[in-house]
Each structure stands twice: as structure tokens, then as C-alpha cells.
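Chemist: One structure, pasted below without further comment.
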Amino acid sequence: MKFNVLYFGIAKDFSGKRTESFFYEAAPSIEQFKRDLQIKFPELSKIKSYRIAKNESFVTQMNEQIQDGDEIANIPPVSGG
């Protein structure tokens, strides 16, 4: 299965990418994906809290499964003035 991942803000800086595709044999949970992502980009673990959106909706259940063709967004905290 394949799904696309979007990076925003500092997550984009840490990953060095705006977007990329991920491939899994079986549908991962959001929780599993976050762990895998932090292994791939250890700097992401420095972000205290970042939200995950699936198909333009914030994920509230970490055991929610990612499906083939989904779009996953990593959204770090935003500050401004």
C-alpha cells in the first residue's frame, strides 16, 4: 500500500522535504506511522507535540488505520506575532 505524506513548518525543515510517498505491506496505524517517522527523522522527536491530519481532518484516535491512497499531513505547533 502507498500513501503520501506532507510536511509543514519545522517538520518540513527536519525532513528536508515538502512531500514524499510511504510504502507499507499492511495498513499501519497512525501511532505506528509516527514511530516509524521519528525513526526516519529523529529530529521530529524534538517537537513536543505535532498533529497528524488524514485526508484533511485531524486524527483523534492514534489507532486509526492509514489506507492506501490516503494523504497524511504532519502539522507542528504554530506560533506567530
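The values are calculated or read from the model by the stated rules, or taken from the named source; none is laboratory data. Small disclaimer: the values here were computed from a predicted structure and weren't measured. A quick note on method: Cβ atoms are made from the backbone with ideal geometry, for glycine too, and the neighbour counts reach across all protein chains shown. For the accessible areas, the whole protein counts, side chains as well, though only heavy atoms, and no ligand, DNA or RNA atoms are used. Shrake-Rupley method; radii C 1.70, N 1.55, O 1.52, S 1.80 Å.
Chemist: Counting only trypsin sites (Lys or Arg not before Pro) that are in a DSSP loop and have at most 15 other C-beta atoms within 10 Å, tell me the longest site-free stretch of the chain.
Modeler: 49-81
Chemist: Here is a follow-up. Determine the percent antiparallel among the DSSP beta bridges restricted to the chain, to the nearest 5. Mind dumping the intermediate values first?
Modeler: Values: 12 of 16 bridges.
Bridges in the chain that DSSP calls antiparallel: roughly 75 percent.
Chemist: Would you mind computing, in nm to one decimal, how far apart the modelled labels at ASP68 and LYS17 are, each placed 7 Å from Cα along Cα→Cβ?
Modeler: About 2.1 nm separates the two model spin labels.
Chemist: Same structure, new question: Might you tell me the accessible area per residue for the chain, computed with a 1.4 Å probe and given in Å²? If you can, show how the numbers build up before the last one.
Modeler: Details: 5180 Å² over 81 residues.
That works out to 64 Å² for each residue.
Chemist: Loop-only check: which GluC sites (Glu not before Pro) in the stretch 12-58 are DSSP coil with at most 13 other Cβ within 10 angstrom? Present the calculation step by step, with values, prior to reporting the outcome.
Modeler: Details: sites: GLU20, GLU25, GLU31, GLU43, GLU56; in loops: GLU25, GLU56.
Passing both the DSSP loop test and the Cβ count: GLU25, GLU56.
Chemist: Another question, if that's okay. What do you get for the angle between helix 30-40 and the principal long axis of the chain? Use alpha-carbon atoms, 0 to 90 degrees, nearest ten.
Modeler: 60 degrees
Chemist: Calculate the tail of P(r) for the stretch 34-81: the fraction of all Cα-Cα distances greater than 17 Å, expressed in %. Could the numbers behind the result be given before it?
Modeler: Details: 446 of 1128 pairs.
So the pairs more than 17 Å apart make up 40 percent of the total in the stretch 34-81.
Chemist: Any idea which of ILE66, LEU44, VAL5 is furthest toward the positive side of the dipole for the chain, if Lys and Arg beta-carbons carry +1 and Asp and Glu beta-carbons -1?
Modeler: The Cα lying farthest towards the positive end belongs to LEU44.
Chemist: Could I ask something else about it? Can you list the equivalent-ellipsoid semi-axes of the stretch 1-71, largest first and in whole Å, using the square root of 5 times each Cα gyration tensor eigenvalue?
Modeler: Values: eigenvalues 66, 36, 29 Å².
Taking √(5λ) for each eigenvalue gives 18, 13, 12 Å, largest first.
Chemist: To the nearest 20 Debye, how big is the dipole of the stretch 28-81 about its Cα centre, given +1 on the beta carbon of each Lys and Arg and -1 on that of each Asp and Glu? List each step's numbers first, then the result.
Modeler: Values: 7 positive and 8 negative charges, 73 e Å.
My answer is approximately 340 debye.
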